[in-house]
There are 2 protein chains.
Amino acid sequence: MSITSTPPVVPQRAAPQLTRAHEPLGCRAHEVLARVGDKWSVYIIHVLGEAGTLRFGELKRCVEGISQRMLTVTLRSLERDGLVSRAMYPEMPPRVEYALTPLAMTLRGIVGQLVEWSQANLPAIDGARARYDAQVPGWAPAED
Amino acid sequence: MSITSTPPVVPQRAAPQLTRAHEPLGCRAHEVLARVGDKWSVYIIHVLGEAGTLRFGELKRCVEGISQRMLTVTLRSLERDGLVSRAMYPEMPPRVEYALTPLAMTLRGIVGQLVEWSQANLPAIDGARARYDAQVPGWAPAED
DNA sequence: CAGCATCCTACCAGATACTG
DNA sequence: CAGTATCTGGTAGGATGCTG
């Protein structure tokens, strides 16, 4: 379990000041991370955070690339987790508006940083990929 | 757990103007988000960030729940993106050590905030789920 | 317009076995 | 120990067609 019981065989190199390896992560936090670490969730939270309130179709247009099904599914999931609120107006034609909940609002900052980081470091990552693909023999550059 | 590399203060970008016209994220950022928004990537980056340097087996124990295959695959992917460095020592038995690259180091702060947020808001999310599951008729509470 | 239901496919990801 | 290779079931997720 704890790697602090280091076998004497392993040479301690470069004096790791961070010996405390097994931070338990609180077990279930992993679960939440999986939610946030969903392909579309972060995207949707970001878009909704920027736009404030959007209807289904608008959202779909903003998140372009997402299928109608995945948008529905993801929104349901986010709604269930209390991150997105859903307001339905039974008019004709129907109108449904989505927005972030206060809970999700506290995520906005982090998500924003994530997006900024992504945009800022895209070139670096592209470079790393190119370098890796070049030096690794039989690696098919299949987008990941 | 302390995220020492980054001040906990979230630089809220000023003026979240609620305009409906939303610029599409530069949209390759989405690609990077998908990488970060991978189930295991954040976890591994976090663990590696805390531990500094870990061998394959140590990592596997730390990220408990991950299969050997997924650890290999995810590490490869992270390595390809220049987020994780891999040092192999062709001894017997073999030893391979993983660590974050400087690039990934700049992600540590954000990932740390994400983890903290997850842990802090787990109860809220649990509550929201319970509430949702209770009020929605035929919803099978199948964990997601 | 906003969705649900259905079908169908591809890939994700675990288990197992084998190698250097 | 640190992988690779292979098989396989589960599910993510797209396409389509239909309702209120």
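The values are calculated or read from the model by the stated rules, or taken from the named source; none is laboratory data. No experiment lies behind these values; they were computed from the predicted model shown. Here the Cβ positions follow ideal geometry from the backbone for every residue, glycine too, while neighbour counts run over all protein chains shown. Keep in mind that these areas ignore ligands, DNA and RNA; they rest on the heavy atoms of the full protein, side chains included. Shrake-Rupley method; radii C 1.70, N 1.55, O 1.52, S 1.80 Å.
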Handout entry: Shielding by partners, peptide B:120-129 (average Cβ within 10 angstrom, other chains)
Key = 6
Exercise for the section: At 1.4 Å probe size, with no ligands or nucleic acids counted, give the accessible surface of residue B:42 in Å², nearest ten. Expected result: 10
Handout entry: At 7 Å out from Cα toward Cβ: residue B:72 inter-copy label distances (nm, ascending)
Key = 3.9
Exercise for the section: Only Lys, Arg, Asp and Glu count, each charged at its Cβ (+1, +1, -1, -1), so figure out the dipole size of segment B:26-135 about its Cα centre, rounded to 20 debye. Expected result: 240
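Shielding by partners for A:61-73, please: the mean number of other protein chain Cβ atoms within 10 Å of each residue's Cβ.
Details: counts 2, 6, 4, 4, 4, 1, 0, 0, 0, 0, 0, 0, 1.
Per residue, the number of nearby Cβ atoms from other chains is 2 on average.
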Completion exercise
Mean separation of Cα contacts under 8 Å (at least 6 apart) over the residue count of segment A:26-135, i.e. the relative contact order in percent, is 25
Handout entry: Distance in nm between pseudo-label sites at residue A:126 and residue A:86 (7 Å out along the Cβ direction from Cα)
Key = 3.8
Completion exercise
Reported to the nearest 10 Å², residue B:85 has, with a 1.4 Å probe, an accessible area equal to 50
Practice task
Would you list, by chain and number, the lysines whose Cα falls below 21 Å from the Cα of residue A:60, excluding same-chain residues fewer than 8 positions away?
Solution key: A:39
Exercise for the section: Give me a single rounded figure for B:36-43: the average over its residues of other chain Cβ atoms within 10 Å of their Cβ. Expected result: 6
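Would you kindly calculate the mean projected area, averaged across all directions, of the convex hull enclosing the Cα atoms of segment A:26-135, in square nanometres? Don't skip to the answer; put the middle values down first.
Numbers: hull surface 36.1 nm².
So the Cα hull casts an average projection of 9.0 nm².
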Fill in the blank from the handout: Taking a crude spin-label model, label points 7 Å out from Cα along the C-beta direction, the residue B:67 to residue B:116 distance in nm is 3.5
